[in-house]
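Peer 1: One structure, pasted below without further comment.
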Amino acid sequence: MSNFIDELKWRGMLHDVMPGTEDLLQKEMTKGYIGFDPTADSLGVGNLVQIMTLMHFQKAGHKPMALVGGATGRVGDPSGKSQERNLLEIDQLQHNQDCQRKQLERFLDFNCGANSAELVNNYDWFKDMGFLDFIRVAGKHLTVNYMLAKDSVKSRLETGMSFTEFSYQLIQGYDFYHLWKNEGVKLQMGGSDQWGNITTGTELIRRMAGGEAFALTTPLIKKADGSKFGKSEGGNIWLDPEKTSPYHFYQFWLNAADSDAGSFLRIFSLKNKEEIEALEAEHAEAPHTRVLQRALAEEVTERVHSRADLDNAISASDILFGKGTEESLRSLNSATLMNIFEGVDQFELSRDQLSAGIPIIDLLAESTAVFPSKGEARKMLQANGVSINKQKVGADYVLDTKDLLNDQLILVQKGKKNYYLIRLS
RNA sequence: GGGGAGAUACUCAAGCGGCCAACGAGGACAGACUGUAAAUCUGUUGGUUCAUACCUUCGAAGGUUCGAAUCCUUCUCUCCCCA
């Protein structure tokens with residue numbers, strides 16, 4: 001059994017840990033869990049931190065458990081929220097849970113003997129519990145004073161908070177108690193914003209049964225410039241390939257800033273300390289080759305998607321961002337192009353429209369949805385931000401069949417990094 | 001319950017009868033420079049459009065006026081002080 005805490009420490013993944021946790025982990029194979037909130041129908045890269053935590057936990061010889069919050073999702077976690085949340089519809093929640101469960105299954109080993117991973121849903125033990133039972137069994141053991149002292153509650157006392165959200169910590173706390181009592185789970189992990197909820201659980205275990213349980217949290221991931229991690233060009237980066245294509249996913253990691261790449265590699269890769277430090281040394285020698293970003297993007301994309309998806313993403317990136325010129329684009333056959341660019345946003349156009357000649361602005365704003373309006377298309381064209389097949393074009397450019405690659409495709413570039421593929425229907 | 005202050009675009013924040021689609025800052029997007037990095041500099045940032053045009057915006061609804069984000073009335077909400 002390797003030292004899990006030390007592993008998290010050097011990776012910069014340890015924020016807070018309850019005294020005695022390390023002793024426990026060194027002494028015995030421990031069951032530990034992390035909860036996932038079904039607020040969306042896919043996990044995002046932010047959740048990847050917790051997934052990695054569970055993976056390291058399992059690698060260290062312990063038994064990881066992922067909890068899908070079917071019950072807690074109905075209530076809404078106030079942690080880190082400055083406003084009351086809107087409740088999700090029940091069938092939406094159900095859908096989200098199903099999607100998240102499938103994703104979680106990919107990352108852990110569910111068939112490796114004693115420390116095989118497990119997946120549970122807290123709705124299973126809450127669905128048959130009545131409100132009166134709950135407040136008698138769980139509620140009696142904690143004082144409102146105790147609950148009010150939590151940051152998640154305290155920060156909302158000014159603006160207001162519903163009883164529903166106030167009770168959230170008690171529900172999550174009861175989860176821990178339930179798993180402790182019935183499954184022998186002794187550790188709950190999570191993001192640093194979960195510390196309050198987790199300690200409510202350990203407190204509940206202590207008061208209800210005189211038992212001992214432990215807690216550990218990971219820091220909130222922030223980029224070096226202070227901005228939020230996990231977003232790109234306005235959107236969240238999802239693990240679901242339908243929501244964020246493997247190409248975009250790969251690009252997201254590849255675009256990590258130098259100042260972030262090292263720490264991201266520690267958190268999101270399974271590489272060991274020596275490997276990472278070697279890569280960093282190599283990167284320092286020749287920053288422009290961006291070995292850190294490549295190593296990061298490759299490992300994470302392969303784990304979340306697949307080797308084949310990764311290969312395509314790399315090929316597409318090489319073509320789009322390499323030294324490639326219009327000639328090299330024209331030299332590729334369309335089957336290859338279509339395959340490689342699967343993850344690039346695509347639009348269709350009829351041959352008739354094109355052969356009649358179509359002004360660039362109409363093409364981008366009307367025939368396709370590259371831009372939401374002609375005004376924006378014009379603006380970007382005037383700012384010199386649009387390329388057709390890697391050639392900058394002006395606002396008065398008119399396209400026709402001569403612009404087709406392989407008589408099939410047109411590659412549109414908006415800004416430096418946004419590519420669109422227009423193909424004949 | 002009494003008194004006071006306020007509600008402006010993604011956020012903060014000016015404007016206090018025409019020169020306001022609304023100063024400025026941040027954010028976002030784009031250009032240059034680079035390494036598909038950071039920093040820096042430049043441009044854009046209500047919509048349709050491209051024209052010295054029209055439409056929709058300044059909490060909501062009415063009103064005064066040739067003309068209102070700016071004045072009046074009512075309403076809704078927020079904050080502060082006193083009880």
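Peer 1: Applying the selection to the stretch A:157-194, what residues are within 16 Å of RNA strand B (Cβ to nearest atom) and open to solvent by less than 60 Å² (accessible area, probe 1.4 Å)?
Peer 2: Once the filter is applied, which keeps residues that are within 16 Å of RNA strand B (Cβ to nearest atom) and open to solvent by less than 60 Å² (accessible area, probe 1.4 Å), the stretch A:157-194 yields A:Gly160, A:Met161, A:Ser162.
Peer 1: Still on this model: Could you identify the single residue in A:Ala224, A:Ala261, A:Ala256, A:Ala209 that is surrounded by fewer than 20 Cβ atoms within 10 Å (Cβ to Cβ) and within 13 Å of RNA strand B (Cβ to nearest atom)?
Peer 2: Details: A:Ala261 fails: surrounded by fewer than 20 Cβ atoms within 10 Å (Cβ to Cβ); A:Ala256 fails: surrounded by fewer than 20 Cβ atoms within 10 Å (Cβ to Cβ); A:Ala209 fails: within 13 Å of RNA strand B (Cβ to nearest atom).
Result: A:Ala224 is the single residue among A:Ala224, A:Ala261, A:Ala256, A:Ala209 that is surrounded by fewer than 20 Cβ atoms within 10 Å (Cβ to Cβ) and within 13 Å of RNA strand B (Cβ to nearest atom).
Peer 1: Give the residues of the stretch A:42-69 that are open to solvent by less than 10 Å² (accessible area, probe 1.4 Å) and assigned to a loop (DSSP other than H, G, I, E, B), sorted by residue number.
Peer 2: To start, the set of residues in the stretch A:42-69 that are open to solvent by less than 10 Å² (accessible area, probe 1.4 Å) comprises A:42-45, A:48-49, A:51-54, A:56-57, A:60, A:62, A:64-69.
A:Ser42, A:Leu43, A:Ala60, A:His62, A:Gly69 - these are the residues of the stretch A:42-69 that are open to solvent by less than 10 Å² (accessible area, probe 1.4 Å) and assigned to a loop (DSSP other than H, G, I, E, B).
Peer 1: Let me ask another. Identify the residue in the stretch A:374-394 that is more than 6 Å from RNA strand B (Cβ to nearest atom) and more than 13 Å from A:Lys414 (Cβ to Cβ) and, among all such residues, is surrounded by the most Cβ atoms within 10 Å (Cβ to Cβ).
Peer 2: Across the stretch A:374-394, the extreme among qualifying residues is A:Asn389.
Peer 1: Can you find a residue in the stretch A:343-365 that is within 12 Å of RNA strand B (Cβ to nearest atom), closer than 28 Å to A:Pro246 by Cβ and open to solvent by less than 10 Å² (accessible area, probe 1.4 Å)?
Peer 2: yes
Peer 1: Can you tell me which residue is surrounded by the fewest Cβ atoms within 10 Å (Cβ to Cβ) among those in the stretch A:395-410 that are of a type outside the set (Lys, Arg) and in a helix (DSSP H, G or I)? Even if it seems obvious, please write down each step before you answer.
Peer 2: Of the stretch A:395-410, the ones of a type outside the set (Lys, Arg) are A:395-401, A:403-410.
Those left that are additionally in a helix (DSSP H, G or I): A:401, A:403.
Working: A:Thr401: 13, A:Asp403: 21.
Ranking the qualifying residues of the stretch A:395-410, first place goes to A:Thr401.
Peer 1: Consider A:Thr202 carefully, then state whether it is in contact (Cβ under 8 Å) with a residue 24 or more places away in the chain, among the hydroxyl-bearing types (Ser, Thr, Tyr), touching a strand residue (DSSP E or B) at 6+ places or on another chain (Cβ under 8 Å) and not in a helix (DSSP H, G or I).
Peer 2: Judged against the criteria, A:Thr202 is not a match.
Peer 1: Another one. Could you check A:Lys222 against (1) within 18 Å of A:Met52 (Cβ to Cβ); (2) at pLDDT 95 or above and say which number it fails?
Peer 2: Among (1) within 18 Å of A:Met52 (Cβ to Cβ); (2) at pLDDT 95 or above, A:Lys222 violates only (2).
Peer 1: Related question: May I ask you to list the residues in the stretch A:195-206 that are of a type in the set (D, E, K, R) and either closer than 22 Å to A:Ser116 by Cα or open to solvent by 40 Å² or more (accessible area, probe 1.4 Å) (or both)?
Peer 2: We begin by selecting, within the stretch A:195-206, every residue of a type in the set (D, E, K, R); these are A:203, A:206.
Within the stretch A:195-206, just A:Arg206 meets the criteria.
Peer 1: Go through the stretch A:206-225 residue by residue and tally those that are without any contact (Cβ under 8 Å) to a residue 40 or more places away in the chain, within 30 Å of A:Gly46 (Cβ to Cβ) and not in a loop (DSSP other than H, G, I, E, B).
Peer 2: Number satisfying all stated conditions: 1.
Peer 1: Another question, then. In the stretch A:1-28, which residues are open to solvent by less than 40 Å² (accessible area, probe 1.4 Å) and in a helix (DSSP H, G or I)?
Peer 2: Matches in the stretch A:1-28: A:Phe4, A:Ile5, A:Leu8, A:Arg11, A:Thr21, A:Leu24, A:Leu25.
Peer 1: Same structure, new question: Could you tell me how many of the residues in the stretch A:292-312 are more than 9 Å from RNA strand B (Cβ to nearest atom) and either surrounded by fewer than 13 Cβ atoms within 10 Å (Cβ to Cβ) or aliphatic (A, V, I, L, M) (or both)?
Peer 2: 7
Peer 1: Against the conditions (1) buried (at least 20 other Cβ atoms within 10 Å of the Cβ); (2) of a type outside the set (A, V, I, L, M); (3) part of a strand (DSSP E or B), where does A:Phe371 fall short? Just the number, please.
Peer 2: (3)
Peer 1: I'm told A:Leu332 meets every condition in (1) open to solvent by 10 Å² or more (accessible area, probe 1.4 Å); (2) modelled with pLDDT of 85 or more; (3) part of a loop (DSSP other than H, G, I, E, B) except one. Can you identify the failing condition by its number?
Peer 2: (2)
Peer 1: Conditions: (1) within 16 Å of RNA strand B (Cβ to nearest atom); (2) of a type in the set (Gly, Ala, Ser); (3) more than 14 Å from A:Asp77 (Cα to Cα). A:Gly201 meets all but one. Number of the miss?
Peer 2: With (1) within 16 Å of RNA strand B (Cβ to nearest atom); (2) of a type in the set (Gly, Ala, Ser); (3) more than 14 Å from A:Asp77 (Cα to Cα) applied to A:Gly201, the lone miss is (1).
The values are calculated or read from the model by the stated rules, or taken from the named source; none is laboratory data. This structure is a prediction, so every number in the text was calculated from the model and none was measured. Positions of Cβ are backbone-derived with ideal geometry, glycine not excepted, and every protein chain shown enters the neighbour counts. These area figures cover heavy atoms from the full protein model, side chains too; ligands, DNA and RNA do not enter into them. Shrake-Rupley method; radii C 1.70, N 1.55, O 1.52, S 1.80 Å.
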